[in-house]
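Below you'll find the structure, written out as structure tokens, and then a few comments.
The values are calculated or read from the model by the stated rules, or taken from the named source; none is laboratory data. All values derive from a computational prediction rather than experimental measurement. So basically every Cβ, Gly included, is an ideal-geometry build from the backbone, and we count neighbours across all protein chains shown.
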Amino acid sequence: MHDFIRDDIVNLCKYLPAFLTKDPEFAAKLKAESSAHDDARKALIDLFEQFFVSTATWGLENWERFLALPHDKADSDEKRRNRILISLRGPSTTTLENVRNIVQSYGIGSVEEHNDKYYFIIFTTEADAEALNEMRRKIEVYKPAHLGCYVYLGWSWNGKINFDGKYMYGTSTEEWSGNNG
């Protein structure tokens, strides 16, 4: 990916005649200069990686600011990257996979289609109200207008959502269709 710069550690000695490196003072200066040059090389590679969502680390905050995406400091880089990529893709033909990707960028989740009745249900482990509102906004942008959308907020006995309907406690279902929020 970094074809513009070398990948190997900088050693300036290999560009000079060998007899120069035999002088201890000159060799020490070359070692220091090589180290400084290598630090600059690493810094350039790190900076370059921030221009791409797939390799960004500290630059994710800039991407989020550019796209007006809030984030939780506890979110993993991968979760943040997924949210950024969803925003960058923009509206397109919505597929079940698109909706699943949105839901899973906010945690573990699933989508159940009911095409014969023109709606789908989102099952999610996300419990944070702000994240749920953000997910809802994304779903509303991407889902076809004629489809209803419900979100199922249910937890199983072991703290993970259980999609087969067994062992549900403290569950609720909200309609996310239309202008309800």
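Here is a list: 7, 75, 38, 23. Which entry is over 30 Å from residue 142 (Cα atoms), crowded, with 16+ Cβ neighbours inside 10 Å and not assigned by TED's automatic domain parsing to the domain that holds residue 119?
Details: 7 fails: crowded, with 16+ Cβ neighbours inside 10 Å; 75 fails: over 30 Å from residue 142 (Cα atoms); 23 fails: crowded, with 16+ Cβ neighbours inside 10 Å.
On inspection, the qualifying residue turns out to be 38.
Which of (1) in contact with a Ser or Thr (Cβ under 8 Å, 6 or more places away or on another chain); (2) touching a residue at least 40 places away in the same chain (Cβ under 8 Å) is the odd one out, the single condition residue 10 does not satisfy?
If we test residue 10 against (1) in contact with a Ser or Thr (Cβ under 8 Å, 6 or more places away or on another chain); (2) touching a residue at least 40 places away in the same chain (Cβ under 8 Å), just (2) comes out false.
Quick one: which strands (runs of 3 or more DSSP E) lie wholly within the stretch 105-174 and hold at least 2 residues that are modelled with pLDDT of 75 or more and loosely packed, with under 15 Cβ neighbours inside 10 Å?
Filter on the stretch 105-174 gives 109-114.
Please go through the stretch 84-99 and give me each residue that is touching a Ser or Thr at 6+ places or on another chain (Cβ under 9 Å) and at pLDDT below 85, ordered by number.
86, 98, listed by residue number.
Among the residues of the stretch 43-69, which ones are surrounded by 12 or more Cβ atoms within 10 Å (Cβ to Cβ) and under 21 Å from residue 138 (Cα atoms)?
Selection gives 53, 60, 61, 62, 63, 64, 67, 69.
Within the stretch 27-82, how many residues turn out to be in a loop (DSSP other than H, G, I, E, B) and either in contact with an Asp or Glu (Cβ under 9 Å, 6 or more places away or on another chain) or not aliphatic (A, V, I, L, M) (or both)?
16
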